[in-house]
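Every number in this text was worked out from the coordinates using simple rules, so none of it is lab data. Since the structure is predicted, the reported quantities are computational estimates derived from the model, not experimental observations. All Cβ positions, glycine included, derive from the backbone under ideal geometry; neighbour counts span all protein chains shown.
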């Protein structure tokens, strides 16, 4: 399988038996149409946005390590055995595709790197199932999806501030109603 | 006597609403006529299987507009899992889809194992398969019972929950808890399979096919059941694929796809089972898929039992002391075991850097788990591809121009668990 023909193709990785192709965000729709029509990936399994803020650094929500290494006096902190590979941009959008009905049932992950606030074109007209997945990516990670006809919050309330799955979103930061402090 | 009302053919072309695939917009001429009634359904309605809210525009008794609102059960599982060490995070997936708990636990454990590259003993693999198939029957029974209840077949509920109780008893025998067992660990199983389990499970395997016969006798010749399910909630194969449907919904629409057979995990390539496919794409065919799958799952359980009985005395978990807790009795005599135990419990094990996406066939369809590790003891990102979340996207297509009374049957047939939709 050659992935070079995919429009906007940047690079291809193989790891853990899975193929990841990185494509340009600007030509994502063309890339997806090529994958669907030419290579048979007729099924969009999932869309996941990932936030890599603080990747390999200390002091980020969800991570207790320090760059100085392990502190033996504090049992729940530890450093890495080796620092992870740096990422090109803060956010990644991952599209998990499946060639359903083919003999080998191939899977591929399409990845697009994004900066904070950088928008990504909607793939809703390639796969209608992208509708709620893209709304979830907007709601949870704040990825602006361009061309989505109904980009509103899906899991959080309509007037919610912030995007909860971002790494800089605090845990337990929301105000508690009817508490004694009020 | 066979009662077979004329089956409506699957429609021509596509019924997916064009602008937003999940929202059914009222046509302008109907909106101008003013002869519309907006009905709010849920989020606290007994037949929404949780907290689903549907806002429906009715023209007479026909559904002409639909807007689904979800998120009432959002609990932030994915965010929480980022705060836990890998081995503590295993408890969360079970609670995401609380009906198919064993399958959800499996998908996360398989993702960890894929990153770790750890070899699982064959006894654990077969026991996992056995429990997942029992869990599939459990999930289908809950679906059949509640869906029957909603359509007026109240006795279905009691019969289904009678067999469900047996499965939960088996679960309790193995893991000590009825649901949310946390029995699967990275590397294998938490405990050895208890003595007496095989015999109890055999009793269930012998009982279950007769139970399915009983359910079919109750509803399959009931004219009310047939008329309320046949030709209702149509979804064509092309639309089902475009909407990302999976599991019984996809197979009820005529697409022959099952992750267990087509991308085998565990040891599904070594067991003999049949994948039921029906082509009418209505509520009745989804019901048929569920019934056939219960029989097939029982067959798989029987094959697992045959294999497991030959594995007496084999290890049930990998012997990798960096990942797997040492046996309890060693802690008194071995300093290394004590250190390993302390390290795993306090810090957790480290999982190599990387990202994987693992899919399994859960009772509701393709459950996917995407995990990212930075090489540390906690997941960097966990995302579940919830089949219920995707199934609900088909409500607008399935409900198009159907009657309001059929809505209950249609939403029920998509077999959603709101805990999984909202995560």
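Here are some notes:
- Across peptide B:254-261, the mean count of Cβ atoms from other chains lying within 10 Å of each residue's own Cβ comes to 2.
- With neighbours defined as other Cβ atoms within 10 Å of a residue's Cβ, the residues B:291, B:55, B:418 order from fewest to most as B:55, B:291, B:418.
- Net length available on complete extension from residue B:306 to residue B:39 is 90.8 nm, with 0.36 nm assigned per residue and the Cα-Cα distance removed.
- Remark: relative contact order (chain B) = 25 percent; criterion is Cα-Cα distance under 8 angstrom and separation of 6 or more residues.
- Sorting the segments B:120-130, B:136-146, B:61-71 by their residues' average number of neighbouring beta-carbon atoms within 10 angstrom, most packed first, yields B:136-146, B:120-130, B:61-71.
- Over the protein assembly as shown, volume per residue of the alpha carbon convex hull, in Å³: 176 Å³
- Residues B:349, A:169 in ascending order of nearby Cβ atoms (within 10 Å, fewest first): A:169, B:349.
- Against the main long axis of the alpha-carbon atoms of chain B, helix B:154-175 sits at an angle near 10°.
- Between the helical axis of B:101-116 and the longest alpha-carbon principal axis of chain B there is an angle of about 50 degrees.
- Residue by residue along A:38-45, Cβ atoms of other protein chains within 10 Å of the local Cβ number 3 on average.
- Alpha-carbon spread of region B:77-422, three principal axes, descending order, Å: 70, 42, 31
- Degrees between helix B:404-413 axis and first principal axis of chain B (Cα, 0 to 90, nearest 10): 20 degrees
- With viscosity 1.002 mPa s and temperature 20 °C, the Kirkwood radius over alpha carbon pairs of region B:134-234 converts through Stokes-Einstein to a diffusion coefficient of 140 µm²/s.
- Sorted ascending by nearby beta carbons within 10 Å, beginning with the fewest, B:330, A:161, A:11 become A:161, A:11, B:330.
- Mean ellipticity per residue at 222 nm, deg cm²/dmol - from DSSP H runs of n ≥ 4 across the protein assembly as shown, formula -39500 (n - 2.57): -11000 deg cm²/dmol
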